[in-house]
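Report on the following structure.
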Amino acid sequence: MSPSAPAEWAVVRRARLRITVITGAIITLLVTVVGGVAHTVMVDAQNDQVWRELRYGAMYGDPAKPPVCIWLYAPGAEPLSNAPAGFPFHADLAKVRRTGEPVERTVERDSTVYLVRTQPRADGGVVQAVLDMRFQLADRDHLWFALAVAEVVGLLAAAVTGVFLGRRAVAPLAEALTRQHRFVIDASHELRTPVTQVHTRAQMLVRQAADQDLPVSHRDRLGRLVASTGRLGEVLDDLLLSASLAAGPARRSERRPVDLVALARSVVAEEADRVRARRLTVVVDDPSHPLFVDGIPSALRRAVGELLSNAIRHTPAQGRIAMALSRSGGMVVLAVTDTGSGFEPAEVKQLFQRFHRGSGDGGRYGLGLALLREVVTRHGGTVAADGRPGHGARFTIRLPECPPRPTGPAGPRRAGAQPVTATHARRAAGPPRGRPRPEDGPDRPGESTR
């Protein structure tokens, strides 16, 4: 069993790959070391043997009937039949005759190797023995071939063994991550109903407090309670969204062409009260035609909503927020620019990390931008951020454009196959049912990391 979340799966996959590579490297190294040792031992043994045979033949061999693969040259002896060309070396014969010391050399000639030993004999003469090593060289070639075959077999065995060990080794990690993933889903579902009930009752207490004219301090505390339960509900929604995105292929049937223009308009309409309360100006620059992307409407709504909500949270009163949609190179581009507090350029990478705390005044721990990136990534897109402290920020998402699927009268319309257009964008892409919404003020609690 393997975990579904992309980041968790990447950890498991890297662990498997690392174990496979290490196992393969160890087995390959062992085969190479064993082969190298075998070759070295064989070559040393052959060299000792052939030099020993050559010395023995030079000392005791008969030039007329020399040992196999050895030719003996002696001054005054009859020429040898089938002897290799270029022998004997008369300079070596003269040197040994003069000094009495044996001379050895190795000669490469005619695609083979000859060992040559010139030495004095007991009878006072001088003899030159030549040994042909073609058979020994053939044995070495056979050994190299066998080692190459063993190396290939070893690599295959290493790959199979590495994959097997990798799966076995990371199985507990995969199982733990999968259980963690399921726990998040189950816990979020179980907590959602009681949190919604607590939030609703807190709102009722706020209304009763207003009707009964309770002290302002009491009403403030109740308002903070509503805000806290609302934030808790949003955290649960974020966890559920993250878990649902982690399902990946399991939710592929829910994908459909989504009109991002209609979706953006509906998100802006939903935030109208917050925008007015904070005295902000929101400008939407969208084309007159729809721009479709293939995706899950609720997830895309959460991503676009987070972009706008993030801009609202960090833009002071009288500020301006611009949302622009366009098409570029087969991608649908949605950019949100604000005149808010901005952020340090060095924090761009950290902005999309979970629970990152920004250095600005409004920075706090959260999941919002991390989930935004996860949503966009799971839809095959990218997200980028640009900004400077005190000069606002610009967040841009790019999603692959797709044509709307035909829904004419040629056949029955399949559930979930129709494009999400302006006529029903709010229903298809609105917040999940049961999501608590705080009503204690103009700011909706969010999960900003700026």
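Residues to consider are Val96, Val41, Val37, Val33; find the one that is assigned to a helix (DSSP H, G or I), under 18 Å from Gly124 (Cα atoms) and without any contact (Cβ under 8 Å) to a residue 60 or more places away in the chain.
Every option except Val96 fails the conditions.
Inside segment 113-125, can you point out the residues that are more than 60 Å from the chain's Cα centre (by Cα) and either crowded, with 21+ Cβ neighbours inside 10 Å or of a type in the set (Phe, Trp, Tyr) (or both)?
Val116, Arg117, Thr118
If the requirement is being modelled with pLDDT of 85 or more, charged (D, E, K, R) and over 30 Å from Ala25 (Cα atoms), which of these qualifies: Lys95, Lys65?
Just a single option satisfies the conditions, and that option is Lys95.
When segment 262-284 is examined, which residues are found to be among the polar types (S, T, N, Q) and free of Cβ contacts under 8 Å to residues at least 12 places away in the same chain?
Matches in segment 262-284: none.
Matching residues to (1) touching a residue at least 40 places away in the same chain (Cβ under 8 Å); (2) farther than 30 Å from Leu115 by Cβ; (3) out of contact with any helix residue (DSSP H, G or I) (no Cβ under 8 Å at 6 or more places or on another chain); (4) loosely packed, with under 14 Cβ neighbours inside 10 Å:
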residue	(1), (2), (3), (4)
Ala146	no, no, yes, yes
Ala150	yes, no, no, no
Leu155	yes, yes, no, no
Arg168	no, yes, yes, yes
Ser228	no, yes, yes, no
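Condition first: in a helix (DSSP H, G or I) and within 16 Å of Met323 (Cβ to Cβ). Now tell me which residues in segment 266-301 satisfy that.
Answer for segment 266-301, where residues must be in a helix (DSSP H, G or I) and within 16 Å of Met323 (Cβ to Cβ): Ser266, Val267, Val268, Ala269, Glu270, Ala272, Arg274, Val275, Leu300, Arg301.
Go over the candidates Val113, Val130 one by one and state the one that is in contact with a Leu (Cβ under 8 Å, 6 or more places away or on another chain), without any contact (Cβ under 8 Å) to a residue 40 or more places away in the chain and not in a helix (DSSP H, G or I).
Val113
For segment 18-50, which positions are surrounded by 15 or more Cβ atoms within 10 Å (Cβ to Cβ) and under 17 Å from Leu131 (Cβ atoms)?
Gln46, Val50
May I ask you to say which residue of Leu173, Leu155, Leu205, Leu165 is modelled with pLDDT of 80 or more, under 30 Å from Ile27 (Cα atoms) and in a helix (DSSP H, G or I)?
Checking each option against the conditions leaves just Leu155.
If you check Ser309, Ser217, Ser253, which single one turns out to be in contact with a Gly (Cβ under 6 Å, 6 or more places away or on another chain), polar (S, T, N, Q) and either within 15 Å of Leu372 (Cα to Cα) or at pLDDT below 85 (or both)?
Being in contact with a Gly (Cβ under 6 Å, 6 or more places away or on another chain), polar (S, T, N, Q) and either within 15 Å of Leu372 (Cα to Cα) or at pLDDT below 85 (or both) holds for just one of Ser309, Ser217, Ser253, which is Ser309.
Looking at (1) free of Cβ contacts under 8 Å to residues at least 12 places away in the same chain; (2) in a helix (DSSP H, G or I), which one does Asp123 not meet, given that it meets all the others?
All conditions are met except number (2).
The values are calculated or read from the model by the stated rules, or taken from the named source; none is laboratory data. Model, not experiment: these values are computed from the prediction. Methodologically, a virtual Cβ is constructed for each residue, glycine included, from the backbone with ideal geometry; neighbour enumeration extends over all protein chains shown.
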